[in-house]
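K.L.:
Take this structure first; my questions come after.
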Amino acid sequence: MSRTRTPVVAGWFTEGTAEEDFRLLGTRCRACSSVFFPRQDTLCRNPGCTGGELVEVPLSPRGTVWSYTDGRYRPPAPYVSDPDAPWEPYVLIAVELAAERMVVLGQAAPGVGIGDLAVGMTVEVVPGVLNEDAPQGGGTVWTTWHWRPVITATGAAQGGAA
């Protein structure tokens, strides 16, 4: 039985693309060029702008770590979590996208821990999975985005402290 891949929030990232083409999707105001993520589809949130025409734009695929932390406890509902499964700590990363002049929060890719990160390090956005319903067969795979360090040709993480 195949599982349905469904984005956690439709329209926030590309779907069905190769990993190197994966992007978060924002919107840009045609009048003032302000970029928004999460996307804004009705009117410009810039208080100094009266524009209302917004166009979808892919955000930068790479940014720099602005801050990060780990979640070591099981959050309460409405967070989706199986109370019978062992708790797996996760890492949250705030990433500065210089071209868009914004910081975007997201979970680190599986296998990336606190010790793998440093403020100022370059990271890239990649497709990820938030949760799977009935992983034994059928069900839904809830897709999202993750951040992971960019590795140089020498095998070292790019930017930040070593």
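K.L.:
Taking the Cβ-Cβ separation of residue 32 and residue 114 as r and a Förster radius of 30 Å, what is the calculated FRET efficiency to the nearest 0.05?
P.N.:
It comes out at approximately 0.20.
K.L.:
What value in Å³ per residue do you get for the convex hull of the alpha-carbon atoms in the chain?
P.N.:
152 Å³
K.L.:
Right, something else. Quick one: longest stretch of the chain between exposed loop chymotrypsin sites (Phe, Trp or Tyr not before Pro), exposed meaning at most 14 other C-beta atoms within 10 Å and loop per DSSP?
P.N.:
Within the chain, the longest run free of exposed chymotrypsin sites (Phe, Trp or Tyr not before Pro) spans 88-162.
K.L.:
Amide H to amide H under 5 Å from residue 68: which residues, 5+ apart in sequence or cross-chain, H placed 1.01 Å off N in plane?
P.N.:
94
K.L.:
Using 0.36 nm per residue of separation minus the Cα-Cα distance, give me the extension gain between residue 23 and residue 77 in nm, one decimal. Working shown, then result.
P.N.:
Working: separation 54, 0.36 × 54 = 19.44 nm, distance 2.88 nm.
Gain on extension, residue 23 to residue 77, equals 16.6 nm.
K.L.:
What ranking do 91-104, 108-121 get when scored by the average of other Cβ atoms within 10 Å per residue, highest first?
P.N.:
My ranking of the peptides, most packed first, is 91-104, 108-121.
K.L.:
If you don't mind, there's one more thing I want to ask. If I model a spin label at residue 70 and residue 129 as a point 7 Å from the Cα along the Cα→Cβ vector, what separation in nanometres do I get?
P.N.:
So the two model labels end up 2.3 nm from each other.
A short reminder: the numbers here are calculations on the coordinates, not readings from a lab. Source: prediction; values computed, not measured. All Cβ positions, even for glycine, are placed from backbone atoms using ideal geometry, and neighbour counts span all protein chains on display.
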